[in-house]
1. Somewhere in the range 227-248, is a residue among the small types (Gly, Ala, Ser), under 28 Å from Glu165 (Cβ atoms) and modelled with pLDDT under 95?
2. Go through the range 97-112 and report how many residues are outside any loop (DSSP other than H, G, I, E, B) and among the charged types (D, E, K, R).
3. Which of the numbered conditions does Tyr65 fail, given that it passes all the others? Conditions: (1) in contact with a Leu (Cβ under 9 Å, 6 or more places away or on another chain); (2) within 20 Å of Tyr134 (Cα to Cα).
4. Here is a check on your reading of the model: is His94 touching a residue at least 40 places away in the same chain (Cβ under 8 Å), under 24 Å from Val284 (Cβ atoms), in contact with an Asp or Glu (Cβ under 9 Å, 6 or more places away or on another chain) and assigned to a loop (DSSP other than H, G, I, E, B)?
5. Which residues, taken from the range 37-51, are among the aliphatic types (A, V, I, L, M) and in a strand (DSSP E or B)?
6. Could you list, in sequence order, all residues of the range 280-315 that are farther than 13 Å from Leu264 by Cα and hydrophobic (A, V, I, L, M, F, W, C)?
7. From the list Asp247, Asp243, which one is farther than 19 Å from Ser203 by Cα, among the charged types (D, E, K, R), over 16 Å from the mean Cα position of the chain (by Cα) and assigned to a loop (DSSP other than H, G, I, E, B)?
8. Could you give me the residue pairs with C-beta distances under 8 Å whose first residue belongs to the range 173-187 and is touching a residue at least 40 places away in the same chain (Cβ under 8 Å) and polar (S, T, N, Q), whose second residue is assigned to a loop (DSSP other than H, G, I, E, B) and surrounded by 11 or more Cβ atoms within 10 Å (Cβ to Cβ) wherever it lies, and which are 6+ apart or on separate chains?
Amino acid sequence: MSEVPVSIQPGAAPFNPALAFHCENTVPRSMVHRAAVSEVFLTGAVLVNEGHFRCIAQLPRTHSYFSEHTHRAAHYDMLLLLEVFRQASIYISHAFLKVSAQDKFIYLDSVTRVTERSALVVGDRPALAEIDVYVVDEYVRHGERSGVTLNMALSINGQVAARHERMSIRWMSGGAWNKMRARGLAAIPADADAQAQLPAPLSPSAVGRHWLNNVVLGRDLQQGPDALVAPLIVDLNNPAIFDHPLDHIPGMLLLEGFRQVALLAANQQLQLGPEELLLSSCHVVFTRFGEFGLPTRVRADLASLALDEQGRVTLALDVEQGGAVLATAELQLLPVLATAELQLLPVLASQALEPVALAAGGVR
C-alpha cells in the first residue's frame, strides 16, 4: 500500500471520557524502570485474554525532550511513543508474566511505525492512549521463559496511531547481568576519557532542536561520498536520557542519534530542512552494549539515502564504538505539509497481531 506525505493542522481530537478513570495515577515507577515519576507515562493495564494485554498511557502535551522540536505544528513524537511501548513491555512482564522486579532487561530489536499522524496532533488536553500488547513468541532457556517477542498497537480515540512490531526482549537475574556486563566493562581501557564522549555539539537548529542539551551529535562531522559520520554525545547529566544511573549507553540515546544524523543527511544531500521532516518509521537492531568513555560514532550510509515522489526519505545507519557495531537502523522521514486532509497510510504491510499460547510453541 502506498503512503502519502504527512500533513498536520491545528485542532484537538475528541476526548474519550471512558478512558479517564485509568489516568488518575501512574503505575509504580519501579514497574517501568524509571526514577522520576514525571517520566512514567503508563497509567494502568489489564489482561484481555491469554497473551493479550491492554495498557493505558497519558501522553504529555509538552515535554522537555520528546516535544522539543523546531516543527511549527505540535505532534506527539514517535520516540515518545517508542518509550511508551518500552514501558508497556516492562510493565506487562512484571505484572502479568511474573518477571522478578530485580531482573534486568535487554531490548534486542523492533519495527516502529506511525500509521495515522492525524491522531498524534497535540490537542487541548493530554491524549489518552490504549496500547494493545500481544505476545507472539517466547524465548525459553533451561526450561524457563526468559524473553518474549511482542506486537503492539497504540490507539487514540479508536484510531491506531502507531505500531511497534517484533519487539524482542530478554530478562535475566541481577547476578547473571553483572557477570555478563563484567566482560564488557573489563574491556574498557584504564585510560578511557569521559570527555571523549562529550565533543562540542552541533547547533541545535541543525538537528531540529531549540535547546543545546537535546543535541546528541558533535560538530566534528566526517563526510565522504558514501557516508556521513558524527560523534555521539553521551551526557550523563541529561535527565531525559539518563533518568537513573546505567552501566551502558541507553538505546534511547542511540535512537535519537540515528534521527539527528538522518536529519543532517537529508539537509545536506536533499536540501530538506530538519523542521520539514518527521520520523515515521524505525527498524532497529541492537547488537552489543555501548560503553562509557569511548569515542562513539553514528554513521549514515549515503548510498542508501533515497527520496521518492511522495517525499519519503529512507536511510540506513549504524553506530560504532572501537570498530564494533552497537546497533543498526533503517529510518523513514516524512515531510510535514499543511493541508485540509490529515491522513497517513501504513508504511509497511500490516502484520496480524495474534497472541501465542504462553505454554506451548513459538520457542526460539
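1. There is at least one residue in the range 227-248 that is among the small types (Gly, Ala, Ser), under 28 Å from Glu165 (Cβ atoms) and modelled with pLDDT under 95.
2. 2
3. (2)
4. no
5. Leu42, Ala45, Val46, Leu47, Val48 - these are the residues of the range 37-51 that are among the aliphatic types (A, V, I, L, M) and in a strand (DSSP E or B).
6. Cys282, Val284, Val285, Phe286, Phe289, Phe292, Leu294, Ala303, Ala306, Leu307, listed by residue number.
7. Asp247
8. Close Cβ pairs satisfying both conditions: Ser173/Ser100; Ser173/Asp103.
The values are calculated or read from the model by the stated rules, or taken from the named source; none is laboratory data. If you're wondering where the values come from, they're calculated on a predicted model, not measured in any experiment. Counting neighbours? That spans all protein chains shown, and the Cβs are built from the backbone with ideal geometry, glycine included.
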